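Just below is one structure, and these are the notes that go with it.
The values are calculated or read from the model by the stated rules, or taken from the named source; none is laboratory data. All values derive from a computational prediction rather than experimental measurement. Note that we place each Cβ from the backbone using ideal geometry, even for glycine, and neighbour counts take in every protein chain shown. The protein model used for the area step is the full one, side chains on, heavy atoms only, and it has no ligands, DNA or RNA in it. Shrake-Rupley method; radii C 1.70, N 1.55, O 1.52, S 1.80 Å.
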Amino acid sequence: VKVQAQTLSFKEGRHISPLTMMRETIAKEGWRALYRGLPSPLISSMGENMILFGSYGFGVRMLHGDKDNVPLYKQFLSGGFSGGVVSFLMTPTELIKCRMQTTNENVRHYRNSWQCLVETVKTEGVKGLFRGQVSTMFREIPGNAAWFAGYELGIYLLTPTGKSKKHIHPVGLAAAGALGGMCYWFFPFPFDVVKSKIQTCT
């Protein structure tokens, strides 16, 4: 629904709410349409998280030397660094996903993610998979900086006085993760809109 809303023309999207868009999609194409483009992020998610957390840990070690008592600003910088690194994997993944999910009538549509990948490489070359790289970096760098910093801030605020992270209730850990997720999307969302439009040529 997010990609559909971002890639509709101004005339098409002016009076369509996300809820209406969801209802219309289900009515026309069924529930399965809500999962269009799923293989691309599903397959890449393992590599994405491996690179994201690996590069974040590397950044922390480079800036601080160990994982204990890391200042929030260094966690913020390390998160930004990890976002920059992972953006090179995210761009092709997001491009396939967005092209599969858009309903804009002015762009080409594909049967499945594999056809989208093959046709993109055939018509635009391998570099075509990296269309929108700059806007993806502009989303991922501040987004992941805010995500890690927001999560660590939540952990800091919820850790009982004189105790460590392991004493936080699971609900508290979930709340810290939710704070991180909110921070991720709040700051760089405009770049996500630009990215979707660039990648779908809308």
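Restricting to the range 149-181, and then to whatever is touching a residue at least 60 places away in the same chain (Cβ under 8 Å) and in contact with a helix residue (DSSP H, G or I) (Cβ under 7 Å, 6 or more places away or on another chain), can you tell me which residue is farthest from residue 75 (Cα to Cα)?
Taking the range 149-181 and keeping what is touching a residue at least 60 places away in the same chain (Cβ under 8 Å), we get 149, 152-153, 156.
Retained after the next criterion (residues that are in contact with a helix residue (DSSP H, G or I) (Cβ under 7 Å, 6 or more places away or on another chain)): 149, 152-153.
On the way: 149: 6, 152: 8, 153: 10 Å.
The extreme case among them is 153.
A quick yes/no check of all residues on (1) charged (D, E, K, R); (2) within 15 Å of the chain's Cα centre (by Cα); (3) at positive phi:
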residue	(1), (2), (3)
28	yes, no, no
49	no, yes, no
66	yes, no, no
69	no, no, yes
72	no, no, no
80	no, yes, no
85	no, yes, no
118	no, no, no
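For the range 126-166, which positions are surrounded by 17 or more Cβ atoms within 10 Å (Cβ to Cβ) and among the β-branched types (Val, Ile, Thr)? Within the range 126-166, 136, 141, 155 qualify. In the range 59-86, the residue that is farthest from residue 138 (Cα to Cα) out of those that are surrounded by 13 or more Cβ atoms within 10 Å (Cβ to Cβ) and of a type in the set (Gly, Ala, Ser) is 59. Quick check: anything in the range 116-131 within 29 Å of residue 36 (Cα to Cα), touching a helix residue (DSSP H, G or I) at 6+ places or on another chain (Cβ under 7 Å), touching a residue at least 40 places away in the same chain (Cβ under 8 Å) and of a type in the set (Ser, Thr, Tyr)? No, the range 116-131 has no match at all. Taking first residues from the range 46-62 that are in contact (Cβ under 8 Å) with a residue 12 or more places away in the chain and partners that are open to solvent by less than 100 Å² (accessible area, probe 1.4 Å) and outside any helix (DSSP H, G or I), the Cβ contacts under 9 Å between residues at least 6 apart in sequence or on separate chains come to 60/66; 60/70. Listed conditions (1) under 19 Å from the mean Cα position of the chain (by Cα); (2) closer than 30 Å to residue 105 by Cβ are all met by residue 184, apart from (2).
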